[in-house]
Structure formats: structure tokens, C-alpha cells
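What follows is calculated from the coordinates using simple rules that are stated; it is not laboratory data. Being a predicted model, the structure only gives us computed values, none of them experimental. Ideal geometry is used to build each Cβ from the backbone, glycine not excepted, and the neighbour counts take in all protein chains shown.
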Amino acid sequence: MERSGGPPGERGAGPSGQLSGCGAEKLSENPGLVCIFDLQYNQNMGKLKVRRYDLKSRKCGPQGNNLRFVFISDLHNGVYGPDNRGLMELVRSQEPDAVLIGGDQIVAKPGYPLEPGLMSVKMLAEEFPVYYACGNHEYRLKLYPEVYGDAYDRLREGLAKTKAVYLENQTASFRKNGFRVLIYGFEMKKEYYERFSRRELPVTELTDVFGTPPEDALSVLLAHHPGYADTYERFGADITLSGHYHGGVVGFGTRGLVSPDFRLFPKNCHGCFEKNGTYRIISAGCGEHTVPFRIHNPRELVVLDVT
Ligand SMILES: [Fe+2]
């Protein structure tokens, strides 16, 4: 297990970003690129790192209660090791109280299978409470049956055979270690995913669905798109978890090279950002699809310790 420092900007005030390695190999649908990309692929693509953040919550009781979440985003049908044992062993080693999936578990392209992404959900939910909110890929299956056929129905049927809780603008709640926890799974409308331009996301898109996060519970918002920080902060969940940017493909600290909506050098492609006692965590993701390489931007499994 190797250990190295997180990128600049994650350290200092607020959360600590610690990165440690594991040897889980990904079996990608894109086994590699040729020529110069091959080296980077082999160096950066084959492993899933653990990114750990320590979050301080005022919701924590006087008994020093704590919670640990594993956050998986943008796995995109990734399978780590034979029978996915690499992923399972890595998650198991973290001993999470719950596993949160932030969307894009599958790849929405005609003819692509759903089974690898569903298999991960099923395996995880056999061992841990799993709460799964959709990303734009799951959402696309639902929006465009003329393109994807019955894929969305097959996704839901597959999920119904697991113990996972799938959230489409729905709230799940549970109690653990003295916390009452609310998980908000946000299904953002398609116009807010538009490429090349970005409109404002009114906070009512959240409050109309979820109400206002209460004071007597630890609230976690699963919001796949990280680009609406101001709205998420106004909504006021204790923790907001996003992904979607895949770390911006090439990492420059917490900036990337390009975002899925074709913004160049987007900021805050991954990391943990604290404001007024609430946190936004953006995962660099556990996989990729159309652009099958990463540079200075490892895949990461995010682990959150809330105390
Ligand atoms: Fe996405």
C-alpha cells in the first residue's frame, strides 16, 4: 500500500485529503491506448486510490459519535479484479457504515451492457447499506427510450433485485451511531446538464423536492453535477457529494483540463471544500468511458469520516 500527498489546495484549513493506493486492477472496456498514452494508461489507470477526508460536524453528539461513508462515483461499468473482488476488498477494508453511489455507475451508450455496473451495486449491497442516486448516464436511459430502448427498465429491474436503495429525487433515512442521517438523491433536470452553456440552478429545484435540511439530522445530498456550488451551499445539506467531471481528465491541482460540458481548465474538478460548516466533496471518479485516459488524476474511492 503506497501513500502519497494529495494535490495542492486540499490541505490546510478544513478537511484533510489523504491518498493511499491499492492494487486493484480495472478491467476496462477500453484496454488501453497506443503509443504515448500507453505509458500513462498503465501508470495512472490501473489502480483505484483511496481518498480520505475527515469532516467535523456540529451534528456529532457529545459522545464523540462518528460515521464512515464510502463514496463511489462514475464507476462506468468498471470491474476491479476477478469477479470484482478488488473493489469489494478495498471497500470492505474501509469498514463503512454505508456506501453512497453518486451516479454514472453504468455507461449510457446504445448496446452497452448494464450488468457490470449492476453487479457492483448488488455485491456492495449484500454487505453494506447502499444508497444510489442517478447521474446523467442513468438519467439519459430514462429520458430517451427511442435511443436506449428498454435499458432504463432493465436497469430498474436489475436494481430491484439488489438490496440497494435507488433515489430519484427521493430521500432515504437511517439511524446509526447516534446520528439520524438523511440521504437526498437529486435527479437534476436535463437542461442543467447542457454543454457549452450553464444556466443558473434555482435552489427551489432542491427545496421543492426535499424541503429544507433539518437541524436534527446529518444531511447528505447526492448531486452528480458539481458545477452548482452556490445552489448547493444555499440548500445547506451538511455534506454534498458530486462527481461527473472525472477529475477533468488531466489534473492541475484541483483544476482539470476539460469538463464533460466542454469547459476548459475547469476549477474544482475534485477535492473537498468547506464553507460555514458544510462540505462539498467532488470525486475524481472510479472510472471513465469515452476518454479512456487520465494524467495526474488517479481514479479514487472517497472515504469520509464524519466526527
Ligand atoms: Fe456524469
Residue by residue through the stretch 94-102, which ³J(HN,Hα) values in whole Hz follow from phi under the Karplus form 6.51 cos²θ - 1.76 cosθ + 1.60 (θ = phi - 60°), with glycine and proline marked x? 8, 6, x, 7, 7, 10, 10, 10, x
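Hey, what D do you get for the stretch 220-307 in µm²/s if you plug the Kirkwood alpha-carbon radius into Stokes-Einstein at 37 °C and 0.692 mPa s?
Working: Rh = 13.1 Å.
Translational diffusion coefficient: 251 µm²/s.
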Cα-projected label distance for D83 with S197, points at 7 Å along beta-carbon direction, nm: 5.2 nm
Can you work out the Karplus-derived ³J(HN,Hα) for every residue in the stretch 104-116? Use 6.51 cos²θ - 1.76 cosθ + 1.60 with θ = phi - 60°, whole Hz, and x for glycine or proline. 6, 6, 10, 10, 8, 9, x, x, 6, x, 9, 4, x
Kindly count the pairs of lysines across the stretch 44-183 whose alpha carbons are less than 16 Å apart, treating pairs on different chains or eight or more residues apart as eligible. 4
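Apply 1/(1 + (r/R0)^6) to the Cβ-Cβ distance of D54 and K176, taking R0 = 25 Å, and write down the FRET efficiency to the nearest 0.05.
Working: r = 18 Å, r/R0 = 0.71.
Using R0 = 25 Å, I get an efficiency of 0.90.
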